[in-house]
Amino acid sequence: MNDKSEKKRRGELSRGGLTLAGALFVFWLLLTGRFGLRMTVTGILAVGITLSFYRRFLNYFNLEPVAATGFFRILRFAVRVGQDIFVSAWAHMKRVVYGSPSPEMFTVTLSLEEPMLIALIANAITLTPGSMTVEVNGSELTVLAFVDGEEEVQAFRQQVHTRYEQVLRGGRTHA
């Protein structure tokens with residue numbers, strides 16, 4: 001590799017790191033719910049410690065695809081996951097009160113190939129009440145969820161594609 005291409009690669013990595021740091025910082029502020037000098041300084045320190053810990057001990061995780069996805073896409077993804085958590089919690093409270101069908105296991109096939117982006121979607125499914133990612137095999141997720149029949153399974157798959165996968169792909173439809 002020549003010096004120019006190495007400098008360009010380092011510049012792209014540092015921009016990706018800054019994007020990731022910015023996303024973590026905004027997430028920190030949203031979680032704390034307090035906006036002031038003290039929380040800003042604490043957030044910057046927390047992000048710095050987190051990223052240095054990552055570089056020192058967890059460097060085998062490739063976070064470049066996440067950073068390359070872009071700050072606003074990741075933020076939009078996080079907001080959608082948060083919305084889905086609350087909507088699903090409400091729906092499943094009703095199911096608990098009125099009874100619910102047994103959970104079903106089914107697969108969701110993603111068109112994404114980056115393991116970290118697939119892991120984001122798998123974790124989003126698990127964070128949502130009433131569903132859990134049981135296994136990840138390449139781009140195929142095995143999901144256990146409280147759904148009532150094939151129609152709800154298809155709706156679940158469609159929601160994963162439109163609310164999560166499309167956001168991480170930049171609005172492009174899945175294959």
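The values are calculated or read from the model by the stated rules, or taken from the named source; none is laboratory data. Since we're looking at a predicted model, the values are computed, not measured. Here the Cβ positions follow ideal geometry from the backbone for every residue, glycine too, while neighbour counts run over all protein chains shown. Protein only, heavy atoms only, side chains kept; ligands, DNA and RNA dropped before computing areas. Shrake-Rupley method; radii C 1.70, N 1.55, O 1.52, S 1.80 Å.
A compact table of results
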| item | result |
| --- | --- |
| Scope segment 126-155; condition touching a Phe, Trp or Tyr at 6+ places or on another chain (Cβ under 8 Å) and of a type outside the set (S, T, N, Q); matching residues | Gly130, Val143, Ala145, Val147, Val153 |
| Failed condition for Leu168, given (1) under 16 Å from Thr109 (Cβ atoms); (2) touching a strand residue (DSSP E or B) at 6+ places or on another chain (Cβ under 9 Å); (3) of a type in the set (A, V, I, L, M) | (2) |
| Residue match in segment 155-168 (condition: buried (at least 18 other Cβ atoms within 10 Å of the Cβ), touching a Pro at 6+ places or on another chain (Cβ under 9 Å), at pLDDT 90 or above and not acidic (Asp, Glu)) | no |
| Pair list, Cβ under 9 Å, 6 or more apart: segment 141-159 residue at positive phi, other residue in a strand (DSSP E or B) | Gly149/Glu104 |
| Options Thr19, Thr40, Thr50; residue that is in a helix (DSSP H, G or I), of a type in the set (S, T, N, Q) and within 19 Å of Gly70 (Cβ to Cβ) | Thr19 |
| Residue list for segment 1-35, filter: modelled with pLDDT of 80 or more and β-branched (Val, Ile, Thr) | Val26 |
| Residues (open to solvent by 90 Å² or more (accessible area, probe 1.4 Å) and at pLDDT 85 or above) located in segment 36-63 | Leu37, Arg38, Ile44, Leu45, Ile49 |
| Selection within segment 137-149 - assigned to a strand (DSSP E or B) and in contact with a Ser or Thr (Cβ under 8 Å, 6 or more places away or on another chain) | Glu140, Leu141, Thr142, Val143, Leu144, Ala145 |
